[in-house]
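Notes for the one structure printed next.
We did not get these values from a lab; they are worked out from the coordinates using the rules stated. For clarity, every value in this text was computed on a predicted model and none was experimentally measured. When we count neighbours, we look across all protein chains shown, and the Cβ atoms used for this are built from the backbone with ideal geometry, even at glycine.
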Amino acid sequence: VEQRSSTGDPVGAVAIIYNAGIVNWLEAQEWLKTNDPEPLMTTSHPFIRDGMLPTTARSVFEVFIDEGSPARYYCNWAAKGVWCKRWFKRRGHAIGHARIHLNYRPFACNGKCGSENW
């Protein structure tokens, strides 16, 4: 029997397999490999079309975020032998944290250093 959380998300070993499929898809994306900006989400995106993300999602990395209460957003990264349950008060901070797991850093430094690794 597949275990799911109260929000319908997979948990335990099922979550690791579920997230591994998402990670494989993400790692195949050219924009991720080159640290280019993430494409805009549309209702035709497979994560939204397949019900993995709501139509209001702004980032594919939201698939790794679970909303708790009161006002806590948990990183639900469960792949490559890592189970992350770090939490944040802001959704945007949780999404930024989830990007770290794939070493996705699309933001270049605006200062004099020119570093692309913030």
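With only alpha-carbon atoms in the gyration tensor, what are the semi-axes of the equivalent ellipsoid for region 40-90, in Å, largest first? Let's see the in-between values first.
Values: eigenvalues 89, 43, 12 Å².
Largest first, region 40-90 gives 21, 15, 8 Å.
Let me check I've understood the local charge: for A94, count other residues with C-beta under 12 angstrom from its C-beta, Lys and Arg +1, Asp and Glu -1. What total comes out?
+4
Give, as a single signed number, the net charge of other residues whose beta carbon lies under 15 Å from the beta carbon of R58, with Lys and Arg counted +1 and Asp and Glu -1.
Counting the neighbours of R58, the net charge comes to 0.
Counting Lys and Arg as +1 and Asp and Glu as -1, what is the net charge of the other residues whose Cβ lies under 11 Å from the Cβ of Q29? Write out the running numbers ahead of the final one.
Values: positive: K33; negative: E27, E30, D36, E38.
Residues close to Q29 contribute a combined charge of -3.
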